[in-house]
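Trainee: Could you have a look at this structure, given as structure tokens, before my questions?
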Amino acid sequence: MRRYLTWGALATVIAVLTASGSAQAPSNPRFGRWKIKSDAPPPTSNIMTYEPYSGKGMKITIDAVNKDGVATKWAYNTMFDGKDEPLYGNPGTDTGSVRIVSDRINEIIYKKGGKVTQVLTNVLSPDGDTIGVMYMRMDPEGKVTKSVTFATYERIK
């Protein structure tokens, strides 16, 4: 014996599936691993890893190797609310905070001893495969130094 759904029953099933699908947080397009685009010879490298954290947040991990082969790893978690969160593994920074400016732009602020040391503007490309970062370093008085730099990261596929 065959059973058929009525249009009303079918509409109810679609509504339930749509509601349950929309209740899940959308995946952040930044999630994944990103490698800095650089002409620096090996062993120099810098890889950012963005992972889901506590529902709507993100865990940020930086694995870097300098020109002398010295490796560092540091990380922090954010809920994108602009609140300072503990940063671990980087002696030059105590906290990091991330604020969403738009769907493609985040502002990141690093502090040491409660004072801003660096402000980053992180821009995700329209195709989602490149992140451009502008780094503004601050002096102890909170003024931007002359060392404003730029970096491009490419998604590791």
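Trainee: Taking amide H atoms as placed 1.01 Å from N in the peptide plane, list the residues 5 or more away in sequence, or in a different chain, whose amide H sits under 5 Å from that of residue 90.
Mentor: Long-range HN contacts for residue 90: 75.
Trainee: Now, a different point. Can you give the charge dipole size of the stretch 61-157 about its Cα centre, rounded to the nearest 20 debye, using +1 on the beta carbon of Lys and Arg and -1 on the beta carbon of Asp and Glu? Mind showing how you got there, number by number?
Mentor: Values: 13 positive and 13 negative charges, 47 e Å.
Dipole size: approximately 220 debye.
Trainee: Please work out the average accessible area per residue across the stretch 39-156, using the 1.4 Å probe convention, and give it in Å². Show your work: numbers first, answer last.
Mentor: Working: 6700 Å² over 118 residues.
With the other protein chains kept in place, the stretch 39-156 gives 57 Å² per residue.
Trainee: Tell me, what does the Kirkwood hydrodynamic radius of the stretch 34-96 come to in angstroms if you use every pair of distinct C-alpha atoms? List each step's numbers first, then the result.
Mentor: Details: mean 1/r = 0.0784 Å⁻¹.
Computed over the stretch 34-96, the radius equals 12.8 Å.
Trainee: Oh, and also: Which of 111/143; 67/115; 35/73; 112/143; 59/115 have a Cα-Cα distance over 19 Å?
Mentor: The pairs that break the limit, which is 19 Å between Cα atoms, are 67/115; 59/115.
Trainee: OK, next. Output the Cα-based Rg and Dmax of the stretch 25-157 in Å, rounding Rg to one decimal and Dmax to a whole number.
Mentor: 14.5, 42
Trainee: Kirkwood hydrodynamic radius, the stretch 109-157, all distinct C-alpha pairs: what's the number in Å?
Mentor: The answer is 11.9 Å.
Trainee: Pop the C-beta distance of residue 99 and residue 37 into the FRET formula with R0 = 30 Å and round what comes out to the nearest 0.05. Write out the running numbers ahead of the final one.
Mentor: On the way: r = 25 Å, r/R0 = 0.84.
Computed FRET efficiency for residue 99 and residue 37: 0.75.
Trainee: Estimate the FRET efficiency between residue 64 and residue 121 by the formula 1/(1 + (r/R0)^6), using the beta-carbon distance for r and 25 Å for R0, to the nearest 0.05. Mind dumping the intermediate values first?
Mentor: Details: r = 20 Å, r/R0 = 0.79.
Calculated value: 0.80.
Trainee: Okay, moving on. By how many nm would the segment from residue 80 to residue 149 grow when fully extended, if each residue of separation counts as 0.36 nm and the alpha-carbon distance is taken off? Intermediate values should be presented prior to the final figure.
Mentor: Working: separation 69, 0.36 × 69 = 24.84 nm, distance 2.33 nm.
Residue separation times 0.36 nm, minus the Cα-Cα distance, leaves 22.5 nm.
The values are calculated or read from the model by the stated rules, or taken from the named source; none is laboratory data. All values reported here derive from a predicted model rather than from experimental measurement. No Cβ is skipped: glycine too gets one built from the backbone with ideal geometry, and neighbour counts run over all protein chains shown. Quick note on the areas: whole protein, heavy atoms, side chains included, nothing else; ligands and nucleic acids left out. Shrake-Rupley method; radii C 1.70, N 1.55, O 1.52, S 1.80 Å.
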